[in-house]
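Engineer: This is the structure I want to talk about, given as structure tokens.
The values are calculated or read from the model by the stated rules, or taken from the named source; none is laboratory data. In this text, all values refer to a predicted model and were calculated from it rather than measured experimentally. In this analysis, Cβ positions are derived from the backbone assuming ideal geometry, glycine residues included, and neighbour counts consider all displayed protein chains.
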């Protein structure tokens, strides 16, 4: 009997034989992510993409009944175009302000502050959820986010119901930064600089009609942010500056009171991630906090206590989409460490990433934090075990080896993309992080205790605050020391082709080390 198999058919049969269902699932997830990425870079007409998607879907159903060996390829194309269609749906400007931008009459907007305001030295910035537009005796119901920049005083809080009158405009890009797309990922399509702002409904917090879910969310986070402010004030009373601002930063993500020169030191030493909420950051902090709980509990119990701390941390920072995404990535890696199954976590991490992209496809291209967090998480899973082989004999005193491996693996994973975006490289980043990171969870622990105890009895908060100050003093001292070095940071400009080649080479190197990938 003679078998005449074409090379394509032979390849499909081989793929079906060697690919497990889990790997087929992984490939499908990557196909969707690729489709969203393709749609974000290539302007594919919305109708054309939808028609191709439908045609491929029908073709898949037809071919699947006749020749299942070819159905996988068609199905992957269906998923790719599904990603393109998803991005096209999202990229449409959904703001309802088009008719009220650039007009020659007064425009008034009513709504509420939908996030905790960012405080700067001379101004404040907050996201305003507009619910009504009032113009020429016309009242229009809307549901749009507006980024408001106003004077430093009076200060506003989450949930404040405001009436805003001024000029509204669409964000524009500057230099080579697509600012409009960066804001669009958070559904912000309108800006207003220094408008007239008036608080309304102060005696009636719910004078604007909200859904039950919105009212519940606003009431909950109003309480959370109120206690967060009390905690910050308590810690500020118990610990001297700038250590108090540093502690509030690492515990709650608050950076508004950190001096500008200190922020520059963090940038030079590559330690700004201590305040940023990323999968890498949560993984490293989670590992060390988990190690602390292991002193008192068994591993499974310590793991869930660590997850509880992370969940509390997410709530206190406001549970923004970026923080939730980072927490999910970080917990997945911690789960992989707990189970000792790094590669089984791959599908979970990629699935989580694909799900986040499905909800908001703009983050794949325009959210730098998501990109770096996703890559750092994969770096911990895949690059970490490779690097660990070279440090088997290194002692694990004070988690030194674990911090070294985590820092190196995440750095290797994000290096080209970070250079591409920020155009600088910190040569002291790795040693600074290795020396600083072990002190961070202890600073967080005693800083948290100092703030809580200070709410109950100020002298007690101050007593514990001395220990928190000691760990923060050490961390800040190391950061300032390395930041003073003249060669600490230098400018580097990489073309996207260099970034692409880097990751191709890295993939081949990892594949040689792990044949099962």
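Engineer: Can residue 235 be described as within 20 Å of residue 468 (Cβ to Cβ) and either in a helix (DSSP H, G or I) or modelled with pLDDT of 85 or more (or both)? Please lay out each step first, then the result.
Structural biologist: On the way: within 20 Å of residue 468 (Cβ to Cβ): yes; either in a helix (DSSP H, G or I) or modelled with pLDDT of 85 or more (or both): yes.
So residue 235 fits the description; yes.
Engineer: Considering only residues that are free of Cβ contacts under 8 Å to residues at least 40 places away in the same chain and surrounded by fewer than 17 Cβ atoms within 10 Å (Cβ to Cβ), which ones fall in the range 470-494? Steps first, answer last, please.
Structural biologist: If we filter the range 470-494 for residues that are free of Cβ contacts under 8 Å to residues at least 40 places away in the same chain, which is where we start, we get 470-471, 474, 477, 481, 484, 486.
Correct list: 470, 474, 477, 481, 484, 486.
Engineer: Please enumerate the residues belonging to the range 478-507 that are within 28 Å of the chain's Cα centre (by Cα) and under 19 Å from residue 242 (Cβ atoms). Full working, then the answer.
Structural biologist: Our first condition is that a residue be within 28 Å of the chain's Cα centre (by Cα); within the range 478-507, this holds for 478-480, 482-483, 488-507.
Hits for the range 478-507 are 478, 479, 480, 482, 483.
Engineer: Return the residues of the range 26-47 that are part of a helix (DSSP H, G or I) and either in the same structural domain as residue 354 (by TED's automatic domain parsing) or without any contact (Cβ under 8 Å) to a residue 40 or more places away in the chain (or both); say none if nothing qualifies. I'd like the intermediate steps shown before the answer.
Structural biologist: So the first thing to find is which residues in the range 26-47 are part of a helix (DSSP H, G or I), and the list is 26-41, 46-47.
Of everything in the range 26-47, just one residue is part of a helix (DSSP H, G or I) and either in the same structural domain as residue 354 (by TED's automatic domain parsing) or without any contact (Cβ under 8 Å) to a residue 40 or more places away in the chain (or both), namely 47.
Engineer: Within the range 220-276, can you find the residues that are in contact with a strand residue (DSSP E or B) (Cβ under 6 Å, 6 or more places away or on another chain) and at positive phi?
Structural biologist: If the condition is that a residue be in contact with a strand residue (DSSP E or B) (Cβ under 6 Å, 6 or more places away or on another chain) and at positive phi, then 270 is the only one that fits.
Engineer: Among the residues of the range 18-33, is there at least one that is at pLDDT 85 or above, crowded, with 16+ Cβ neighbours inside 10 Å and under 30 Å from residue 146 (Cα atoms)?
Structural biologist: Checked the range 18-33: at least one residue is at pLDDT 85 or above, crowded, with 16+ Cβ neighbours inside 10 Å and under 30 Å from residue 146 (Cα atoms).
Engineer: Continuing with this model, one more query. Condition first: farther than 21 Å from residue 258 by Cα and touching a helix residue (DSSP H, G or I) at 6+ places or on another chain (Cβ under 7 Å). Now tell me which residues in the range 462-487 satisfy that.
Structural biologist: Listed by number, the list holds a single entry, 464.
Engineer: Please verify whether the range 320-330 includes one or more residues that are in a loop (DSSP other than H, G, I, E, B) and either modelled with pLDDT under 75 or crowded, with 17+ Cβ neighbours inside 10 Å (or both). So that I can check it myself, show each step before the final result.
Structural biologist: Step one: filter the range 320-330 for residues in a loop (DSSP other than H, G, I, E, B), giving 320.
Subset that is either modelled with pLDDT under 75 or crowded, with 17+ Cβ neighbours inside 10 Å (or both): 320.
Within the range 320-330 (the criterion being in a loop (DSSP other than H, G, I, E, B) and either modelled with pLDDT under 75 or crowded, with 17+ Cβ neighbours inside 10 Å (or both)), the answer is yes, since at least one residue qualifies.
Engineer: Determine if the range 162-175 includes at least one residue that is over 16 Å from residue 115 (Cα atoms), in contact with a strand residue (DSSP E or B) (Cβ under 7 Å, 6 or more places away or on another chain) and buried (at least 19 other Cβ atoms within 10 Å of the Cβ). Let's see the steps before the verdict.
Structural biologist: Let us first name the residues in the range 162-175 that are over 16 Å from residue 115 (Cα atoms), namely 163-175.
Of the ones still in play, those that are also in contact with a strand residue (DSSP E or B) (Cβ under 7 Å, 6 or more places away or on another chain) are 163-171.
From what's left, buried (at least 19 other Cβ atoms within 10 Å of the Cβ): 164, 168.
Yes, because at least one residue in the range 162-175 is over 16 Å from residue 115 (Cα atoms), in contact with a strand residue (DSSP E or B) (Cβ under 7 Å, 6 or more places away or on another chain) and buried (at least 19 other Cβ atoms within 10 Å of the Cβ).
Engineer: Can you say whether residue 12 is in a helix (DSSP H, G or I), over 36 Å from the mean Cα position of the chain (by Cα) and either surrounded by 16 or more Cβ atoms within 10 Å (Cβ to Cβ) or modelled with pLDDT of 55 or more (or both), as far as the supplied structure shows?
Structural biologist: yes
Engineer: While we're looking at this one, here's another question. Kindly establish whether residue 382 is surrounded by fewer than 18 Cβ atoms within 10 Å (Cβ to Cβ) and modelled with pLDDT of 80 or more.
Structural biologist: Details: surrounded by fewer than 18 Cβ atoms within 10 Å (Cβ to Cβ): no; modelled with pLDDT of 80 or more: yes.
Here the answer is no, as residue 382 does not meet what is asked.
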